[in-house]
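Just below is one structure, and these are the notes that go with it.
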Number of protein chains: 4
Amino acid sequence: MQQKEGEYMIILDYKDARPIYEQIVEKFKLLILKGILQKDEQMPSVRSLAVELAINPNTIQKAYMELERQGYIYTVKGRGNFVAENENLLDERREELKMRMFILYKEGKELGMTKADFIDCLRGFEE
Amino acid sequence: MQQKEGEYMIILDYKDARPIYEQIVEKFKLLILKGILQKDEQMPSVRSLAVELAINPNTIQKAYMELERQGYIYTVKGRGNFVAENENLLDERREELKMRMFILYKEGKELGMTKADFIDCLRGFEE
Amino acid sequence: MQQKEGEYMIILDYKDARPIYEQIVEKFKLLILKGILQKDEQMPSVRSLAVELAINPNTIQKAYMELERQGYIYTVKGRGNFVAENENLLDERREELKMRMFILYKEGKELGMTKADFIDCLRGFEE
Amino acid sequence: MQQKEGEYMIILDYKDARPIYEQIVEKFKLLILKGILQKDEQMPSVRSLAVELAINPNTIQKAYMELERQGYIYTVKGRGNFVAENENLLDERREELKMRMFILYKEGKELGMTKADFIDCLRGFEE
DNA sequence: GTGGTCTAGACCACA
DNA sequence: GTGGTCTAGACCACA
């Protein structure tokens with residue numbers, strides 16, 4: 001069997017509690033941020049992806065709307081969806097992640113952990 | 001009007017995306033872990049808390065069920081709900097938090113962050 | 001026939017080229033900005049409004065999602081949709097309108113109109 | 001390579017929400033109203049413009065139909081499209097623009113703005 | 001009862 | 001072919 005060009009593995013996890021459209025959003029965000037999908041590259045069409053994943057086109061629609069809202073793609077009616085500029089997005093994502101780490105840090109302090117405990121924990125992670 | 005004993009401010013945030021019962025679970029977990037609610041102390045009754053928070057008793061019921069499932073409280077039929085032993089719980093929570101930090105760490109690596117970036121970020125947090 | 005309480009006339013115009021959900025969004029934005037719907041007041045439920053307007057609940061859903069995205073309402077799962085704080089919204093709308101007037105102004109200059117022409121035109125409008 | 005005569009920069013913005021044919025109509029309307037394209041001058045052929053803009057000839061066709069409908073150009077079968085008389089068009093456009101300003105004005109009044117607010121706003125624009 | 005998600009499928013404008 | 005809107009209706013979690 002041939003590996004079709006542009007087949008970048010979106011795999012759905014039906015055991016995941018999150019809605020399907022959210023999983024799709026998440027997968028594409030990573031593909032875009034990692035540069036696997038590049039600026040102005042065309043996204044798979046709503047219909048073709050729906051067929052490929054064996055789900056309803058409306059669900060893809062919803063995912064793409066969310067991706068557009070978050071600035072990851074832009075839509076050209078009658079033409080398709082395309083990857084947006086993503087330089088700033090990477091920075092935004094890193095900032096967001098730091099915010100989430102700060103929330104975790106505050107939670108940890110509520111549980112009596114010190115900053116040193118956190119750094120030790122981090123050091124213990126695989127490189 | 002009297003200030004009732006055991007009034008420890010559970011404040012709901014309706015603008016929070018999380019379900020209400022989850023917020024209640026979270027609040028009580030902290031109250032218990034921080035020792036504000038102590039071993040074998042009685043929890044407010046489902047009904048009284050429902051009135052106090054102006055929400056459906058089913059919601060409190062669901063929160064208490066979840067707290068019991070996670071080992072934070074125990075139920076005595078006909079008597080009420082009581083705070084469980086919480087020595088191990090604190091450790092469990094810390095472990096859980098470390099797991100969540102590990103997930104964050106892996107996400108960050110996907111975005112090109114290094115371990116050093118994380119440690120720098122942590123160092124920047126208020127003591 | 002009785003005028004039911006809370007019946008605030010959302011009338012759809014099927015001849016309008018804009019999609020129905022957009023019309024609904026627009027109507028509610030005005031009701032909120034004008035203070036007819038007040039902070040924390042409950043919006044009609046997705047289903048009841050769908051029945052009242054004789055359209056599909058999904059369409060209301062979409063309208064409410066958009067209103068939430070724009071900060072006009074907030075959603076509490078299982079409880080309903082509620083009007084958000086709207087102090088800032090009024091200012092934002094006015095700013096947006098000024099921007100649109102600026103675009104119009106630039107268009108007019110392309111057509112050879114002067115600032116005085118514009119002011120004269122404005123003066124001619126009913127008070 | 002030669003610089004072809006009649007190359008007057010139609011630039012499409014794919015991120016613009018409006019359909020492409022509408023953008024083309026708009027661009028040509030301005031070129032005609034400003035006199036860059038003059039009475040009886042020949043418009044670029046549907047095919048050549050389609051090639052130049054790398055879009056579907058149907059789209060150009062649709063734009064030209066719309067321009068003809070609005071009286072900006074006329075078609076001679078077998079010969080091509082030509083710029084129409086445009087004296088009246090300029091006035092029509094100005095009238096249309098005043099109408100749009102009136103709509104804006106009414107919207108502003110709904111938001112509590114007065115005529116004086118509008119005039120102040122206008123005065124603030126660059127000359 | 002309330003909103004959230006999803007399906008199956010229709011019809012439309014635009015390219 | 002491509003996305004956008006809408007319907008009719010199902011099933012779910014939450015209150």
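The values are calculated or read from the model by the stated rules, or taken from the named source; none is laboratory data. These figures come from a predicted structure and were not determined experimentally. As a convention, Cβ positions derive from the backbone with ideal geometry for all residues, glycine included, and neighbour counts pool all protein chains shown. For the accessible areas, the whole protein counts, side chains as well, though only heavy atoms, and no ligand, DNA or RNA atoms are used. Shrake-Rupley method; radii C 1.70, N 1.55, O 1.52, S 1.80 Å.
Could you tell me which residue in chain A puts its beta carbon nearest the axis mapping A onto D, with the distance rounded to whole Å?
For chain A, the closest residue to the axis carrying it onto D is A:Asn58, 4.
Can you give me the % of accessible surface on region C:41-85 that is carbon or sulfur? Probe 1.4 Å, all protein chains present, nothing else counted. Can you show the working numbers first?
Numbers: 1150 of 2420 Å².
Carbon and sulfur: 48 percent of the exposed surface of region C:41-85.
On average, how much accessible surface per residue is there in region D:20-85, in Å², for a 1.4 Å probe, leaving out ligands, DNA and RNA?
Averaged over the residues of region D:20-85, the accessible area is 55 Å².
Could you compute how much accessible area chains D and C hide from each other, both sides summed, with a 1.4 Å probe? Nearest 100 Å² is fine. Don't skip to the end; give the middle numbers.
Details: alone 9810 and 9880 Å², together 16220 Å².
Protein heavy atoms only, the D-C interface buries about 3500 Å².
Within region A:6-39, report the chymotrypsin sites (Phe, Trp or Tyr not before Pro) that DSSP leaves as loop and that have at most 15 other Cβ atoms within 10 Å.
A:Tyr8, A:Tyr14
Any chance you could check the Cα centroid distance between region C:12-62 and region D:40-74 for me, in angstrom?
If you average the Cα positions of each part, the centres end up 40 Å apart.
For q values of 0.29 Å⁻¹, compute log₁₀ I(q)/I(0) with the Debye formula on a Cα-only model of region C:20-85, without solvent.
With no solvent term, the Cα-only Debye profile gives -1.47.
About its Cα centre, what dipole magnitude does the protein assembly as shown give when the only charges are +1 on Lys and Arg Cβ and -1 on Asp and Glu Cβ, stated in debye to the nearest 20?
That gives the protein assembly as shown a dipole magnitude of about 940 debye.
List the lysines whose Cα sits under 25 Å from the Cα of A:Lys27, skipping any in the same chain fewer than 8 residues away.
Within reach: A:Lys4, A:Lys15, A:Lys39, A:Lys62, A:Lys77, A:Lys98, B:Lys98, B:Lys106, B:Lys109, B:Lys115, C:Lys62, D:Lys15.
Amide H to amide H under 5 Å from D:Ile73: which residues, 5+ apart in sequence or cross-chain, H placed 1.01 Å off N in plane?
D:Glu68, D:Ala84
Put +1 on the Cβ of every Lys and Arg and -1 on every Asp and Glu Cβ in chain D; which of D:Leu122, D:Leu53, D:Met9 then has its Cα farthest towards the positive end of the dipole?
Farthest along the dipole direction, towards plus: D:Leu53.
How far, in nm to one decimal, is C:Lys27 from itself in the other copies if the label point is set 7 angstrom along Cα toward Cβ? Shortest first, please.
Label point to label point, same position, other copies: 3.7, 3.9, 3.9 nm.
Gain in length, D:Arg69 to D:Phe102, computed as 0.36 nm per residue apart minus the alpha-carbon separation, to one decimal in nm?
Values: separation 33, 0.36 × 33 = 11.88 nm, distance 2.50 nm.
Result: 9.4 nm gained on full extension.
Return the inverse of the average 1/r over all pairs of distinct C-alpha atoms in the protein assembly as shown, which is the Kirkwood hydrodynamic radius, in Å to one decimal.
Hydrodynamic radius (Kirkwood, Cα only) of the protein assembly as shown equals 28.9 Å.
Counting other Cβ atoms within 10 Å, which trypsin sites (Lys or Arg not before Pro) in region D:58-124 have at most 11 and lie in a DSSP loop?
Working: sites: D:Lys62, D:Arg69, D:Lys77, D:Arg79, D:Arg93, D:Arg94, D:Lys98, D:Arg100, D:Lys106, D:Lys109, D:Lys115, D:Arg123; in loops: D:Lys77, D:Arg79.
Passing sites in region D:58-124 are D:Lys77, D:Arg79.
Can you tell me the mean projection area, over all orientations, of the convex hull of chain D's alpha carbons? Units nm², please.
Its average projected convex-hull area is 10.8 nm².
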